[in-house]
Amino acid sequence: MALFGISISMWLVGVIGLSLYIVLYVISITIYGKKPGRNPFVLPSLLVKKPERTADDVINNQSARDSVLRQNFTGSRIPERLDAIVIGSGIGGLTAATLLARARKRVLVLEQHDVIGGCCHTFVDKGYEFDVGIHYIGEMRPGSFVRCLADQLTDGKLMWQPLDVDFDRVIVGCVDGGGKNRSVLVTGDRKEFAKRLAQEWPDDAAGIEAFFSLLDRLKRGSKLYWGLKLLPLPLARLLIKSGLCGLFSAYFRYLHISLKQYLDQHISSESLKSTLAYCFGDYGTPPGETSVVLHALLLNHFLRQGGFYPIGGPSEISFCSVPVIEKAGGRALVRAPVSSMVCNETTGRAVGVTVQRSDGEYTVLAPLIISDAGLINTAKLLPQTALEKSRIPEP
Ligand SMILES: Cc1cc2nc3c(=O)[nH]c(=O)nc-3n(C[C@H](O)[C@H](O)[C@H](O)COP(=O)(O)OP(=O)(O)OC[C@H]3O[C@@H](n4cnc5c(N)ncnc54)[C@H](O)[C@@H]3O)c2cc1C
């Protein structure tokens with residue numbers, strides 16, 4: 001009965017909120033006319049002053065790069081009066097740290113490896129540089145949200161090279177029988193890609209159209225998901241659990257449908273299913289264990305503008321981010337394996353970390369602890385009492 005009451009009130013809140021939005025929208029159109037909104041990501045307040053740089057300005061000198069990316073942990077290098085500690089220096093940790101640094105917070109990034117960057121790090125062997133993860137990123141055209149974010153994080157220093165319009169080629173062996181291999185070039189123009197697929201698999205033309213229409217609906221629907229991130233967590237949860245979000249956004253309706261389930265239902269050719277799922281390696285879970293929504297997010301990411309590569313290689317991401325952290329008084333230190341988190345016994349809140357090194361154990365305290373080490377790894381760092389208080393399942 002109580003749940004029914006909550007559900008009804010949530011619907012009411014939703015209906016009132018929506019009505020209010022419609023009224024405000026109508027008033028704004030009446031006053032200002034129906035103009036396309038200004039792109040907030042090109043507002044002067046958000047633009048970082050980009051230095052004039054070309055590919056020739058990338059610093060290739062290894063010792064200059066090491067002096068930024070391989071600063072060993074020592075007790076004397078820990079900044080005083082820290083505002084935050086970030087465990088792990090992957091793109092997630094660096095993003096958190098640089099955003100805080102841009103808000104003038106003093107952050108210490110602790111990385112267990114001997115180089116900063118996580119999956120963005122590179123290594124040199126016999127004079128050649130190899131990347132370990134990132135080989136392209138989408139939506140980096142100037143003026144896009146992602147590009148604006150990347151510029152903020154790197155002080156506008158990171159440069160991007162667009163890849164060829166046809167940025168991938170999918171070759172599928174003769175899974176359909178008949179001994180025919182299939183080969184399709186993937187292009188950053190989604191309409192052209194859909195056309196190529198329909199030419200290669202004419203019998204599945206309807207399924208291909210349905211798939212691309214779903215991509216569009218999920219893209220539109222994902223705006224609600226990002227919008228919910230601005231709300232307090234309990235309110236966002238309530239909106240999702242009440243079913244209101246599913247009512248307005250396909251994103252929430254398809255969340256629990258796996259990519260495999262969706263493809264089995266709408267596509268008959270096995271080689272086409274493989275082609276549509278080809279990039280599952282980018283996020284690492286097989287189609288049977290991946291939500292079709294996650295896959296659509298990735299395809300939408302690349303099928304709008306194609307792929308971009310950081311000029312100078314993926315380690316440029318961390319090489320341009322660390323100085324932003326340092327400018328605010330922070331540090332990014334390597335060979336700093338965090339062995340446990342220090343938690344307040346009463347609240348369970350993390351208040352520090354312990355770094356275990358061969359020369360001893362260091363405890364570093366800060367009001368905010370952020371972990372980029374992954375959920376399971378992070379759970380392993382928590383004391384049992386804190387783990388029980390958190391919503392993380394025991395590792
Ligand atoms: C082979 C491969 C190819 C990929 N290709 C692409 C691509 O082309 N485009 C794309 O957009 N994405 C790609 N990805 C995905 C992308 O690289 C990752 O999603 C992203 O880099 C993950 O960043 P992260 O910060 O979450 O984690 P990570 O990069 O994994 O960083 C986590 C860091 O935490 C550190 N850490 C863990 N535990 C501790 C501890 N106790 N103490 C201190 N440090 C700790 C780790 O050493 C690591 O450096 C690829 C991934 C892989 C593996």
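Observations on the structure shown:
- Within the range 75-98, considering residues that are of a type in the set (S, T, N, Q) and surrounded by fewer than 22 Cβ atoms within 10 Å (Cβ to Cβ), the one farthest from residue 339 (Cα to Cα): 95
- Any hit, the range 104-116, residues being in a strand (DSSP E or B), within 8 Å of the ligand (Cβ to nearest atom) and among the hydrophobic types (A, V, I, L, M, F, W, C): yes
- Taken as a whole, the structure leaves residue 180 outside the set of residues that are basic (Lys, Arg) and either under 20 Å from residue 314 (Cβ atoms) or not in a loop (DSSP other than H, G, I, E, B) (or both).
- Being in contact with a strand residue (DSSP E or B) (Cβ under 7 Å, 6 or more places away or on another chain), of a type in the set (Gly, Ala, Ser) and at pLDDT 95 or above is a property that does not hold for residue 386.
- Residue 101 meets each of the listed conditions (1) at pLDDT 95 or above; (2) open to solvent by less than 40 Å² (accessible area, probe 1.4 Å) apart from (1).
- Filtered residues of the range 104-149 (kept if surrounded by 19 or more Cβ atoms within 10 Å (Cβ to Cβ) and small (Gly, Ala, Ser)): 117, 118, 138
- Residue match in the range 59-70 (condition: open to solvent by 80 Å² or more (accessible area, probe 1.4 Å), assigned to a helix (DSSP H, G or I) and within 16 Å of the ligand (Cβ to nearest atom)): no
- Restricting attention to the range 180-197, the residues that are among the β-branched types (Val, Ile, Thr) and out of contact with any Phe, Trp or Tyr (no Cβ under 7 Å at 6 or more places or on another chain) total 1.
- Boolean, residue 186 is more than 30 Å from residue 367 (Cα to Cα), assigned to a strand (DSSP E or B) and more than 15 Å from the ligand (Cβ to nearest atom): no
- Test result for residue 76, in the same structural domain as residue 365 (by TED's automatic domain parsing), outside any loop (DSSP other than H, G, I, E, B) and hydroxyl-bearing (Ser, Thr, Tyr): yes
- Some residue of the range 301-308 being away from the ligand (no atom under 15 Å from the Cβ), modelled with pLDDT of 95 or more and not hydroxyl-bearing (Ser, Thr, Tyr): no
- The helices (runs of 4 or more DSSP H) falling completely within the range 249-349 that include 1 or more residues that are in the same structural domain as residue 173 (by TED's automatic domain parsing), open to solvent by less than 50 Å² (accessible area, probe 1.4 Å) and closer than 20 Å to residue 207 by Cβ map to 250-253, 259-266, 270-276, 292-302.
- Residue 229, sole failed condition from (1) under 27 Å from residue 308 (Cβ atoms); (2) touching a residue at least 12 places away in the same chain (Cβ under 8 Å); (3) of a type outside the set (Phe, Trp, Tyr): (2)
The values are calculated or read from the model by the stated rules, or taken from the named source; none is laboratory data. Everything numeric here is computed off the predicted structure, so don't read it as measured data. So basically every Cβ, Gly included, is an ideal-geometry build from the backbone, and we count neighbours across all protein chains shown. Ligands, DNA and RNA are stripped out before the accessible areas are found, and what is left, the full protein with its side chains, is counted by its heavy atoms. Shrake-Rupley method; radii C 1.70, N 1.55, O 1.52, S 1.80 Å.
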